[in-house]
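To start, the structure itself, in structure tokens.
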Amino acid sequence: MPEFTFLSGAGDWWRQAVIYQVYPRSFADANGDGIGDLEGVISRVDYLAELGIDAVWLSPFYPSALADGGYDVDDYRDVDPKIGTLAQFDRMTEALHERGIRVIVDVVPNHSSNRHVWFQEALAAPAGSAARERYIFREGRGENGELAPNDWPSHFGPTSWTRAPDGQWYLHLFAPEQPDFNWDNPEVRDDFLETFRFWSDRGVDGFRIDVAHALIKDMTEPFQEISGFEQANIPLDGSHPLFDRDEVHEIYASWRGVFDEYDPPRVAVAEAWVPSERRPRYASPDGLGQAFNFDLLLADWDQAQFRDIIAENLLLAAQSGSSSTWVLSNHDVIRHATRYGLPSGLSVDEVNAWLLADGGNIVENHELGLRRARAAVMLMLALPGATYLYQGEELGLFEVADLDAAALQDPQWMRSGFLRKGRDGCRVPLPWTRAGSSFGFGTDGAHLPQPGWFGGCSVEAEQDDEGSTLSLYRRVLALRKELQGAEELDWVPMSDEARPDAVLAFRRPGGWVSATNFGLAPVDLPAGRILASSSPLVGGMLTGNTTVWLATD
Ligand code: GLC
Ligand code: CA
């Protein structure tokens with residue numbers, strides 16, 4: 001691999017980076033088979049460079065039957081032939097590096113796919129064999145072992161156990177096609193170290209670690225009862241049998257050893273759905289180094305919630321020695337331009353019910369949702385720390401909430417007994433052109449149907465329009481590059497007695513202020529020279545649902 005100068009001597013590039021998540025199957029399709037591919041990414045590197053991001057995180061592109069959108073990995077050290085080849089991966093990495101964009105790949109250590117050679121070996125081998133010890137096989141209950149070993153639910157459905165043909169059961173916290181690894185097995189540990197070296201040697205700059213809180217399980221019998229999988233149910237003392245056990249950090253310390261063999265050290269970010277107090281452990285410099293903070297993604301459009309989340313996470317980041325991360329959307333949640341058009345305070349079940357019932361009638365909420373989404377991203381980009389953007393949010397894309405049941409691919413749909421529509425609505429292939437086959441995504445259709453309104457949100461429709469969301473992202477990402485300084489923030493009190501909770505404002509080192517009006521009524525602007533605003537300012541006032549950045553020196 002050629003060495004690029006920016007790659008050395010900048011070991012802390014990740015601390016305040018803007019990372020753009022590419023969901024490869026839905027980004028750009030170069031060979032016209034309806035599935036996005038690596039050649040497609042290569043064809044769009046200039047678009048990514050112009051957007052002004054620092055790194056790309058690619059969701060899994062490994063060989064996979066797509067039982068869970070690629071998070072069911074057949075082989076961790078190859079590219080799915082439907083998506084490309086290793087040679088194309090290298091070319092993609094080179095093309096991104098040449099433009100100063102780093103590459104982060106997704107590693108899925110909790111489970112493989114059921115087509116992984118190890119799982120195939122395990123199925124072919126007898127109970128108690130070394131091959132079965134790489135996964136979690138147990139005998140069933142009942143007279144003939146016909147009942148699952150316990151009642152643990154899975155993320156996608158009622159049970160986390162599936163019976164193998166010979167009668168033993170195996171554990172899967174997600175779909176049956178995703179058997180969980182046994183991380184007490186040194187072979188499993190060694191194999192992932194090899195995977196990290198494999199991609200690091202190819203020039204990959206970092207890793208996103210899938211379900212990082214679940215690798216270690218307490219399988220001692222009698223099994224512990226589990227009430228649910230929600231983050232809120234995870235105790236703070238590491239005693240949950242499946243999640244956030246303290247021993248998991250020994251694994252991450254060993255990975256750190258490999259990451260630090262490289263210059264600059266490879267980085268990692270944990271996807272760990274744990275209570276916020278436990279997050280610093282994952283973000284520790286002796287471990288993965290950074291952890292996703294999903295608090296804003298879970299919050300309502302509400303000044304007090306945003307303020308508390310920001311304050312808490314800056315403290316947690318300082319505690320861990322890492323920087324904070326911020327996320328509004330990813331491939332697992334309803335796009336935030338849609339979320340912000342829904343009434344506040346809906347539970348997950350209520351949102352699901354809404355998606356099933358009248359998800360098709362959301363257009364009237366689009367204007368409000370997008371206005372808030374634009375304000376939210378400017379607020380987020382003004383914060384100290386690293387920011388994760390999800391492909392398509394820069395176009396102001398909404399959830400495709402009215403996908404036909406027949407088109408749905410997410411295992412959540414079927415495995416929830418058709419109660420949870422799942423995550424396909426945020427994974428619909430990107431629109432690049434106003435019209436044409438699959439709106440420029442490819443030349444022959446898209447693997448999930450795109451709605452007619454996609455053309456109006458396409459890159460072509462937005463790129464020369466000053467008022468578009470794409471132009472806003474480009475403008476504020478460029479500004480952020482100039483403005484971002486030390487990882488500090490001071491709250492600026494806004495004295496509007498009538499609406500004390502409407503505005504959230506803070507000052508950043510280097511003399512600039514970000515102010516967001518969460519309310520509807522315009523408020524006075526803080527003093528300063530206007531640098532950018534998410535919606536037009538009227539009569540020198542900060543309009544409702546708007547963020548403004550101001551220079552104060
Ligand atoms: C993570 C991924 C999600 C996937 C799950 C199982 O949460 O983000 O898409 O379904 O892990 O791998
Ligand atoms: Ca393709």
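Throughout, read-outs are computed from the coordinates displayed, never taken from laboratory work. Computed from a predicted model, the values in this text were never measured in an experiment. Positions of Cβ are generated from backbone atoms using ideal geometry, with glycine treated the same way; all protein chains shown enter the neighbour counts.
Near A272, the amide H atoms lying under 5 Å from its own belong to A212, F292; only residues 5 or more places off or on other chains count, and H is placed 1.01 Å from N. Between N31 and D263, the distance separating the two model label sites (each 7 Å from Cα on the Cα→Cβ line) works out to 3.8 nm.
Ordering S239, S322, S43 by the number of other Cβ atoms within 10 Å of each residue's own Cβ, fewest first, gives S239, S43, S322. Amide hydrogen proximity for V22: with H placed 1.01 Å from N in the peptide plane, the residues at 5 or more positions away or on another chain lying under 5 Å are W57, L58, S59. Here the calculated FRET efficiency for T162 and A406, from their Cβ-Cβ distance with R0 = 35 Å, stands at 0.85, rounded to the nearest 0.05. Gain on full extension, evaluated as 0.36 nm per residue between S437 and D524 minus their Cα-Cα distance, stands at 26.6 nm. Considering only beta bridges that DSSP places wholly inside the chain, some 55 percent are antiparallel. With the cut-off at under 15 Å, measuring from each backbone N in the stretch 256-290 to a point 7 Å along the Cα-to-Cβ line of S239 picks out no residue. For the stretch 223-231, putting each phi into the Karplus relation 6.51 cos²θ - 1.76 cosθ + 1.60 with θ = phi - 60° gives couplings of 5, 6, 6, 10, 7, x, 9, 5, 3 Hz, in residue order, rounded to whole numbers and with x for Gly and Pro. Legend: calculated FRET efficiency, W453 to L86, from the Cβ-Cβ distance at R0 = 41 Å, rounded to 0.05, equals 0.65. Every helix of 4 or more DSSP H residues in the chain counts as -39500 (n - 2.57), and over all residues that averages to -7500 deg cm²/dmol at 222 nm.
For the stretch 423-519, the Kirkwood hydrodynamic radius from C-alpha pairs, put into Stokes-Einstein at 10 °C and a viscosity of 1.306 mPa s, yields a diffusion coefficient of 95 µm² per second. Computed extension length for N185-V538: 120.8 nm, one decimal, from 0.36 nm per residue of separation with the Cα-Cα distance subtracted. For an R0 of 30 angstrom, estimate the FRET efficiency from the Cβ-Cβ distance between D501 and H366 and round to the nearest 0.05. Computed FRET efficiency for D501 and H366 comes out at 0.70. Each part gets one Cα centre, and for the stretch 281-301 versus the stretch 310-358 those centres are 12 Å apart. Computed extension gain for E50 through L346, at 0.36 nm per residue and net of the alpha carbon distance, reaches 102.9 nm. Of all segments of the chain bounded by GluC sites (Glu not before Pro) found in a DSSP loop with no more than 13 other C-beta atoms within 10 Å, the longest spans 262-465.
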